[in-house]
1. Can you list the residues, at least 5 places off or on another chain, whose amide H is less than 5 Å from the amide H of residue 265, using H built in the peptide plane?
2. Order 376-383, 361-368, 243-250, 313-320 from most to least packed using the mean count of other Cβ atoms within 10 Å.
3. What is the spin-label model distance, in nm, from residue 102 to residue 65 if the labels are put 7 Å beyond Cα along the C-beta direction?
4. Once label points are set 7 Å from the Cα along Cα→Cβ at both residue 323 and residue 373, what is their separation, rounded to one decimal in nm?
5. Order these peptides, 424-434, 274-284, by their mean beta-carbon neighbour count within 10 angstrom, highest first.
6. When the Karplus curve 6.51 cos²θ - 1.76 cosθ + 1.60 is applied with θ = phi - 60°, which whole-Hz ³J(HN,Hα) does each residue of the range 370-385 get, with x for Gly and Pro?
7. In square angstrom, what is the accessible area per residue of the range 72-155 with a 1.4 angstrom probe?
8. Suppose R0 equals 51 Å. What FRET efficiency, 1/(1 + (r/R0)^6) with r the Cβ-Cβ distance, do residue 91 and residue 398 give to the nearest 0.05?
Amino acid sequence: MTVRLRSATRASACSPPRVLSRFAARAEASIPCRRRGLTAGGAILPAAVLLLSVCTAPAKADPQTFDEALARAASSAPRLRASALSVDAARAAAPAAGLLPDPRLTVGLDGYPVTGPFAGQLDEDFTMLRIGVEQEVPSRARRRAERDIAEAAIGVAGAEESVARREVRVAAGLAWIDLFYAERRLAALDALLATLQPLWDAAPAGVASGAYRPANALGPVQLKAALDDRRSGLAADIDKARAELARWTGDAEPETVGPPPQDELDGVALQSGVTQLPTVRAFGAAARRAEAEVDLARAGRRLDWSFQASYARRDERFGDLFSVGASVRLPIFPGQRQDPVIAARAADALRVTAERQDAERALIASLRSALAEHAAARDQWLRSRDVVLPTVLQRSELETASYAAGRAGIVDVLEAFTAVADARLDTLDREAAVMRQVVEITLTYGNDDR
């Protein structure tokens, strides 16, 4: 499935309704003078001004495009610095893997009598001071397995860093989308409030002049309160989205600029690339480490040697002594010691393989589900943009024309324009949901990091 996003609002949806111009002259000539000034001053023009101003976004301070936000998050997120330090730590520890253990220095006192007539005394014939060194020499298989484990640890740390980088990019991208559309929603509502202000101001005057019943003045008050409540919620949404974006980019007051990403969703290509995702690669690195641990457990069956050399000093009449020796660890009971450990490590390796297969299936299922949800959300957005919003705009034009002809009241006009605002904000909500899905799917399942 290939999806390319288009502009959220067509030019025709943002252009002034032709009905307004057709009824403006008629209203100017037919309505009473006390209503004519109101109509010319702000009752008919709000529709055109609203529909033009909603499409214009205000200038932003300290702007950052979508790609810039991703780049800043990738360069400044503390989580990524922590992941990079984990990789550095694994690389720093790798050279020490597989080396011989440090030699041991041994000292002792040999031939010290504890019984007999010379108990507790240094015997000149037998007592001697000894100093020596001991070196353990593990089997070559054990040291090779230790090096493999260290190399696998670097791969695991690198895979985890890739997973963390992708998660940070997804979070930053979604925060940018949330801030972008929250600002657009607030701008649309502010435009509505500004253009409807003359109608709210005209309601009390209409009551005083006898054009409206006193109850008509209460409707605009309720509508304005509802819109003000909605504006408060939109302002809070901007603050929350800005705080989330600041968390990932490090900017104190981030602002968005430029359009949202215009990406394509190729479901077949995304599904074929699941095996190359960082999450799956992390399981691959874990599998290599598990296999190295199996080899280390098997190395327990090999002979590990230890060599000693010592120098003993005693009475000058007998002379000093030099000794050498060797010891070996004998795996004579493998069924009770080595074999259970080998079986445990082998089971861990099989577990990691099964977990990788499960992760691949889960990613494919999640991707298919996300693509299905995206297709449904995109249809709903297009339906809202191409069907619902034009219908509401047409209704507002008709109500404006009826008001100009004296067949509709001010409350009817206000309700019509409130419906326009609701439809416009709902369309933006649906567009934002579609773009969130595009960003999440692209950055989560795409194989190319932009």
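1. Answer set, sorted by chain and number: 3.
2. Working: 376-383: 16.0, 361-368: 14.2, 243-250: 19.5, 313-320: 11.8.
Ranking the peptides 376-383, 361-368, 243-250, 313-320 by packing returns 243-250, 376-383, 361-368, 313-320.
3. Between residue 102 and residue 65, the simple spin-label model gives 5.6 nm.
4. Result for the modelled spin labels: 7.3 nm.
5. Values: 424-434: 21.4, 274-284: 17.6.
Listed from highest to lowest mean packing, they are 424-434, 274-284.
6. 5, 5, 5, 5, 5, 4, 5, 5, 5, 4, 5, 5, 5, 5, 5, 6
7. Values: 5410 Å² over 84 residues.
With the other protein chains kept in place, the range 72-155 gives 64 Å² per residue.
8. Working: r = 71 Å, r/R0 = 1.39.
That pair, residue 91 with residue 398, gives E of 0.10.
The values are calculated or read from the model by the stated rules, or taken from the named source; none is laboratory data. All of these numbers come straight from a predicted model, not from anything done at the bench. Note: ideal-geometry Cβ built from the backbone for every residue, glycine included; neighbour counts use all protein chains shown. All accessible areas refer to the heavy atoms of the entire protein, side chains included, with ligands and DNA or RNA removed. Shrake-Rupley method; radii C 1.70, N 1.55, O 1.52, S 1.80 Å.
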